[in-house]
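Below are the structure tokens for one structure; questions will follow.
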Amino acid sequence: MNKLAAPPKESVHDWLMSDRPGSRRQASLGRAYSAWRSFARNRLAMAGLAIVLVLVLVAIFANVLAPYSPYVGDLTTTRLLPPSSTHWFGTDDQGRDILSRIIHGSRITLFVVVLVAVLAAPIGLLVGTVAGYAGGWLDAALMRITDIFLAFPRLILALAFVAALGPGITNAVIAIAITSWPPYARIARAETLTIRQTDYIAAVQLLGASPWRIVLRHIMPLCVSSVIVRVTLDMAGIILTAAGLGFLGLGAQPPMPEWGALIANGRAYVLDQWWVAAAPGAAIFIVSLAFNLLGDGLRDALDPKTAK
């Protein structure tokens, strides 16, 4: 008597892509896997992700990768040397290796980007969801405050806050965070206005959930993906704003190797010793481009209208 053949085991791919997930965990992992497949098909987005990962690794292992000290140079023998096999990006007016300063400056750049995102994104998300769900006078008041912040260019507003708080990298981060949350609030409010009319929210209301529980547990998670995309796209602007403050002497203070401050240090030698300003400028350009490519890829991957 022939035995019945055992049914083939379900692969991980089939389990993740199932149309009928058996649990919330399977559904969440399936959505994440589908978004990753869509993201991975975008070669430019993958290139941006690779550059960002390299930046993170460079920042983590800066002490190992930097060939020289970023703070100590020799004014007599290594001042303003052009790029060579000994100093790949040349040296500055203090005889310090520019490559080493750029490598260590990546830590400052990541510190600013991560801290601004951690501070600004939750504020904007909370303001936008509360305004969109509450409506009425509270919505009008919160959005008028948001409009006031949006009425000023980010760099100009950040300059005003730094001038009030005092120069320094910490105050620069606070100033950039204060000026960065309004776009996130706008996005979160727009999505909340749509979500609050759904049957899903009506069912939660019928179960007796409080307004704060609805906002925090049911509306905010649905707005997170859009805010993440906007944060990623804003990374380039955050880097440029931080570099602008450093260039003007209001951000990181000497001898910290912040990229904007490095450009400011090289502006006096831009015609003859071009590498002093060109190297940190190229670093800002490459990293900003990488975050833009990454943000574009995330936007396409997390958009349900374009996801496949």
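Springs between alpha-carbon pairs under 10 angstrom, Gaussian network model over the chain: which of LEU142, LEU245, LEU216 fluctuates most?
Its mean-square fluctuation being the largest, the pick is LEU216.
In addition: Could you tell me which chymotrypsin sites (Phe, Trp or Tyr not before Pro) in segment 126-155 are loop residues by DSSP with no more than 11 other beta carbons within 10 angstrom of their beta carbon?
Details: sites: TYR133, TRP137, PHE149; in loops: none.
Sites meeting the loop and neighbour criteria: none at all.
Go through (i) 33, 59, 8; (ii) 27, 47, 21, 4, 0; (iii) 33, 62, 4 and flag the label whose value is the computed P(r) over Cα pairs in 20 Å bins from 0, in percent for this structure.
(ii)
Follow-up. Would you mind telling me which residue in ILE98, ILE145, ILE51 has the biggest mean-square fluctuation in a Gaussian network model of the chain, where springs connect alpha carbons within a distance under 10 angstrom?
Comparing ILE98, ILE145, ILE51 in the GNM, the peak value goes to ILE145.
Test of understanding: in a Gaussian network model of the chain with alpha carbons linked when under 10 Å, which of ARG41, ARG144, ARG24 would top the mean-square fluctuation ranking?
Of the options given, ARG24 has the highest mean-square fluctuation.
What's the center-to-center distance, using Cα atoms, between segment 185-230 and segment 38-101 in Å?
44 Å
Starting from the Cα gyration tensor of segment 121-185, take the square roots of the eigenvalues, sort them a ≥ b ≥ c, and report rounded, prolate or oblate (rounded when a/c is under 1.5, otherwise prolate if a/b is larger than b/c, else oblate).
Working: a/c = 3.14, a/b = 2.16, b/c = 1.46.
Prolate is the answer for segment 121-185, as a/c is 1.5 or above and a/b outweighs b/c.
For segment 41-132, how big is Rg over Rh, using alpha carbon atoms and the Kirkwood form of Rh?
Numbers: Rg = 18.8 Å, Rh = 15.7 Å.
Rg divided by Rh gives 1.19.
Pairs of alpha-carbon atoms within less than 8 angstrom and 6+ residues apart define the contacts here; what relative contact order does the chain have, in percent?
Details: 434 pairs, mean separation 72.5, N = 308.
In percent, rounded to a whole number, it is 24.
Follow-up question, since we're still on this one. Taking the Cα centre of segment 225-308 as origin, work out the dipole magnitude from +1 charges on Lys and Arg Cβ and -1 charges on Asp and Glu Cβ, in debye rounded to 20. Can you show the working numbers first?
On the way: 5 positive and 6 negative charges, 40 e Å.
Roughly 200 debye for segment 225-308.
While we're looking at this one, here's another question. Using θ = phi - 60° and the Karplus relation 6.51 cos²θ - 1.76 cosθ + 1.60, list the HN-Hα couplings for segment 193-199 in order, rounded to whole Hz, with x at every Gly or Pro.
4, 7, 5, 5, 8, 7, 5
Follow-up question, since we're still on this one. Give me the dipole magnitude in Debye, nearest 20, for the chain about the Cα centre, with unit charges on the beta carbon: positive for Lys and Arg, negative for Asp and Glu. Please list the in-between numbers first.
On the way: 25 positive and 17 negative charges, 220 e Å.
The calculation lands at about 1060 debye.
Bear in mind that the values in this text are calculations on the coordinates, not laboratory data. The structure displayed is predicted, hence computed values, not measured ones. Cβ: placed from backbone, ideal geometry, glycine included. Neighbour counts: every protein chain shown.
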